[in-house]
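Single-structure report; data block below.
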Amino acid sequence: MEQNDKIFVAGNDTLIGSALVRQLKSQGYSSLVGQGDRGPDLRDARSVDTFFAAHKPDYVFLVAGESGGILANQHYPAQLMRDNLLVQTHVIESAYRHGVRKLLYLASSCSYPKHAAQPLQIDSLLTGPLEPTNVPYSVAKLAGLHLCQAYRQQYQVDFIVGIPANAFGIGDDFALETAHVIPALIHKLHWAKLHKQPSIDVWGTGQPRREFVFADDLADACLFVMQHYSNSLPINLGGGTDLSIRELAELLKAVVGYQGRLNFDTSKPDGMPLKALDSTPLLSLGWQPQTALESAIAATYQWFRETADG
Ligand code: GDP
């Protein structure tokens, strides 16, 4: 990927997409197409195809499609599944039709079976039932993964798939109904600190374990695999360590500076018991995450405070 190649980030308004745009610009890539609201309506096949015909991007990062935390998956399963199926089908087909040199599709760690061996390895995909709280979204992401593999097989195109750890960071969704755990707890802790509330609710037992990746690090990993990876096998994009939701909540509490109690609400679901990726293939290619979890959380909290204050 050369600095003046045309690059399209499909989903540049998402957490990961906006981090990718920052990362691309900071690494000197100057020909980004479809930025801001100048991109196509990804849910409309004709709009996507017209855009690709007009702009002829060389490289595509497909990081679009709605996503959400455990409750969003329960409240909006049709919306999440439909949105992802539409967006990925349109972008992958137009990328093929208009001769895109390489495309990276981001799948999801939800697509691994609920009880797959940990840390999660690619050969566990499709070996068992999915976590019931997010089956529709996970099936859509599995469809995207296999669509890339199928285009690669049938049309010999360089379409690759990354499976990221749970991403969080600057520009995240902090709305309690739809957010993932880190932005949701930052929001609750900040509010409770401001209003001197004695406790906050943390959903579930606190025992599930998750591996997290800072969106800016994930964006860097996406650029890295675009340059150094070409294979029909998906590649896990992680490299951090996992921690329990209880440990995470304690860490967030310390970063926010909240003195109250954590109240575990076991009427809410736990989701997957453990999600940690085996990122050995990525690490052995020479990539490493740059940001420690605590610093990444501090940067996210600072962004939230500035935005909320603003
Ligand atoms: P998941 O990784 O797909 O399960 O997505 P989430 O980030 O939504 O949830 C991760 C874990 O954090 C689950 O066990 C949740 O029950 C737990 N959790 C604890 N408190 C919260 C909260 O306030 N919001 C969310 N989304 N999850 C929470």
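The values are calculated or read from the model by the stated rules, or taken from the named source; none is laboratory data. This is a predicted model, so every value here is computed, not measured. Positions of Cβ are backbone-derived with ideal geometry, glycine not excepted, and every protein chain shown enters the neighbour counts. These accessible areas exclude ligands, DNA and RNA; they are computed on the full protein's heavy atoms, side chains included. Shrake-Rupley method; radii C 1.70, N 1.55, O 1.52, S 1.80 Å.
All but one of (1) touching a residue at least 40 places away in the same chain (Cβ under 8 Å); (2) surrounded by fewer than 20 Cβ atoms within 10 Å (Cβ to Cβ) hold for LEU176, so report the exception by its number.
Here LEU176 clears every test but (1).
I'd like to verify a number: residues in the range 195-218 that are of a type outside the set (Phe, Trp, Tyr), open to solvent by less than 40 Å² (accessible area, probe 1.4 Å) and either in a strand (DSSP E or B) or without any contact (Cβ under 8 Å) to a residue 60 or more places away in the chain (or both), how many?
Counting residues in the range 195-218 that are of a type outside the set (Phe, Trp, Tyr), open to solvent by less than 40 Å² (accessible area, probe 1.4 Å) and either in a strand (DSSP E or B) or without any contact (Cβ under 8 Å) to a residue 60 or more places away in the chain (or both) gives 7.
What is the one condition in (1) within 16 Å of the ligand (Cβ to nearest atom); (2) surrounded by fewer than 21 Cβ atoms within 10 Å (Cβ to Cβ) that GLY69 does not satisfy?
Exception for GLY69: condition (2).
Go through (1) within 11 Å of the ligand (Cβ to nearest atom); (2) assigned to a helix (DSSP H, G or I); (3) more than 18 Å from ASP242 (Cα to Cα) and name the single condition GLY144 misses.
So the condition that GLY144 fails would be (1).
Having 2 or more residues that are more than 29 Å from ILE182 (Cβ to Cβ) is the bar; report the helices (runs of 4 or more DSSP H) wholly within the range 1-120 that clear it.
45-55, 77-97
Being buried (at least 21 other Cβ atoms within 10 Å of the Cβ), of a type in the set (A, V, I, L, M) and over 20 Å from ALA276 (Cβ atoms) is the filter here, so list the residues in the range 135-159 that pass it.
Matches in the range 135-159: ALA140 only.
Being of a type in the set (Gly, Ala, Ser) and open to solvent by less than 40 Å² (accessible area, probe 1.4 Å): is that true of ALA254 here?
Against the criterion (of a type in the set (Gly, Ala, Ser) and open to solvent by less than 40 Å² (accessible area, probe 1.4 Å)), ALA254 does not qualify.
What tally of residues in the range 264-299 results from selecting those that are surrounded by 17 or more Cβ atoms within 10 Å (Cβ to Cβ), more than 24 Å from ILE122 (Cβ to Cβ) and in contact with a Phe, Trp or Tyr (Cβ under 6 Å, 6 or more places away or on another chain)?
Selection size over the range 264-299: 2.
Considering only the range 219-231, I want to know if a residue exists there that is touching a residue at least 24 places away in the same chain (Cβ under 8 Å), near the ligand (Cβ under 10 Å from one of its atoms) and in contact with a helix residue (DSSP H, G or I) (Cβ under 7 Å, 6 or more places away or on another chain).
no
Condition test on ASP83, is it under 19 Å from the mean Cα position of the chain (by Cα) and open to solvent by less than 30 Å² (accessible area, probe 1.4 Å)?
Yes: the conditions hold for ASP83.
Please verify whether ILE163 is of a type outside the set (D, E, K, R) and within 12 Å of the ligand (Cβ to nearest atom), treating the condition exactly as stated.
Here the answer is no, as ILE163 does not meet what is asked.
Give me the pairs, please: first residue somewhere in the range 98-119 and farther than 19 Å from CYS222 by Cβ and aromatic (Phe, Trp, Tyr), second residue anywhere and away from the ligand (no atom under 16 Å from the Cβ) and open to solvent by 10 Å² or more (accessible area, probe 1.4 Å), beta-carbon distance under 8 Å, and either six or more positions apart or on two chains.
Here the result reads TYR112/SER124; TYR112/LEU125, each pair linking the range 98-119 to a residue that is away from the ligand (no atom under 16 Å from the Cβ) and open to solvent by 10 Å² or more (accessible area, probe 1.4 Å).
I'd like to check something: does the range 205-214 contain any residue that is closer than 20 Å to LEU120 by Cβ, more than 11 Å from the ligand (Cβ to nearest atom) and not hydroxyl-bearing (Ser, Thr, Tyr)?
Yes: one or more hits.
Could you list, ordered by first residue, the pairs with Cβ atoms under 7 Å in which the first is in the range 282-303 and over 14 Å from PHE212 (Cα atoms) and the second is open to solvent by 40 Å² or more (accessible area, probe 1.4 Å) and part of a loop (DSSP other than H, G, I, E, B), at least 6 apart or interchain?
ALA299/ILE170; TRP303/ILE170
For SER244, state whether it is away from the ligand (no atom under 14 Å from the Cβ) and open to solvent by 10 Å² or more (accessible area, probe 1.4 Å).
The answer is no for SER244.
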